[in-house]
Amino acid sequence: MADICDNADSVIQQHLQAALDAVHAVDDEAPIYINGVACCVDCEEPIPLARLAALPHCCRCVDCQEEYEEG
């Protein structure tokens, strides 16, 4: 029984690692800074401070991120 559980755990770990790698690939982008303000890489509008507090490494505003994910 332990072999089945070990195999299942291994498969789950592989899927989790693949998902984390995909997230990190997206997060490798950085916001652009205009006059010291973090701005969206797409529209160049300031990224709201609440968004930066929640996702410090985000590079897009909410609207542009939604378009990016749809697109």
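Determine the sum of side-chain charges near Glu67: Lys and Arg each +1, Asp and Glu each -1, restricted to other residues whose C-beta is under 11 angstrom from that of Glu67. Provide the component values of the computation, followed by the final result.
Values: positive: Arg60; negative: Asp42, Asp63, Glu66, Glu69, Glu70.
Computed value for this residue: -4.
The modelled label-to-label distance for the pair Val37/Val11, using points 7 Å beyond Cα in the direction of Cβ, is 5.1 nm. Across the chain, counting alpha-carbon atoms alone, Rg and Dmax equal 17.6, 61 Å.
Simple rule: put +1 on each Lys or Arg Cβ and -1 on each Asp or Glu Cβ in the chain, find the dipole, and look at Ile12, Ile34, Val62; the Cα lying farthest toward the positive end is Ile34.
Rounded to the nearest 20 debye, the dipole magnitude of the chain is 300 debye, with +1 charges on Lys and Arg beta carbons, -1 on Asp and Glu beta carbons, and the Cα centre as origin.
For Cys39, the amide hydrogen comes within under 5 Å of the amide hydrogens of Ile32, Tyr33, Ile34, Ile47, counting only partners 5 or more places away or on other chains and with H modelled in the peptide plane.
The numbers here are math on the coordinates, done by the rules we state, and not lab data. The shown structure was predicted, so the numbers you read here are calculated from the model rather than taken from an experiment. As a convention, Cβ positions derive from the backbone with ideal geometry for all residues, glycine included, and neighbour counts pool all protein chains shown.
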